[in-house]
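Engineer: This is the structure I want to talk about, given as structure tokens.
The values are calculated or read from the model by the stated rules, or taken from the named source; none is laboratory data. Computed from a predicted structure; not experimentally measured. Note that we place each Cβ from the backbone using ideal geometry, even for glycine, and neighbour counts take in every protein chain shown. Side chains are part of the model used for accessible areas, which takes the heavy atoms of the whole protein and leaves out ligands, DNA and RNA. Shrake-Rupley method; radii C 1.70, N 1.55, O 1.52, S 1.80 Å.
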Amino acid sequence: VGYAIAGAFIFIHIEEGNTPPYNVTIGYNMSRYRNRTAIHLWNLTVTMNIFNQTNWKEIITKELELYQRNVILAIKEKGYDGTDHSTKTWSISVAFLYSLTVITTIVRRRLKAAILHCRIPTKRPNSTGKQAEDGHSG
């Protein structure tokens, strides 16, 4: 457990150093913009005659292209990275679980390798000197 806790703090320290500063406002604004676009598309679908698929597809395509252009603009000019919130990726609980996973994976692989390289007898001689079939001496 001590190694896992130490590993958690190490992961947090390493990863926080590699995280670029995040603009919370752009993430919030893009989230609101995405929701507004989805509502607008839904309203268009409800109010239009969807049996005229050509007209509906044309209008929806224009709206989606506008949304795409604005997302690309936000990525290129404002540094938007697709996240909508400002929470840190590496909380202590997440880092602890990650560290524990790494440690158990290493231990499991070493244990598996040790078992594969060992010869474990499946039959042992019993009191009469004959091999017992079930692996127990009797």
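Engineer: Which numbered condition trips up residue 47, out of (1) open to solvent by 90 Å² or more (accessible area, probe 1.4 Å); (2) more than 30 Å from residue 9 (Cα to Cα); (3) at pLDDT below 85; (4) not acidic (Asp, Glu)?
Structural biologist: (3)
Engineer: Find the residue count for the range 59-79, including only residues that are modelled with pLDDT of 90 or more and of a type outside the set (Val, Ile, Thr). Full working, then the answer.
Structural biologist: Step one: filter the range 59-79 for residues modelled with pLDDT of 90 or more, giving 59-73.
Filter again for of a type outside the set (Val, Ile, Thr), leaving 62-70, 73.
Selection size over the range 59-79: 10.
Engineer: Is there a residue in the range 80-102 that is at pLDDT 80 or above, over 30 Å from residue 3 (Cβ atoms), surrounded by 11 or more Cβ atoms within 10 Å (Cβ to Cβ) and not basic (Lys, Arg)?
Structural biologist: Checking the range 80-102: at least one residue is at pLDDT 80 or above, over 30 Å from residue 3 (Cβ atoms), surrounded by 11 or more Cβ atoms within 10 Å (Cβ to Cβ) and not basic (Lys, Arg).
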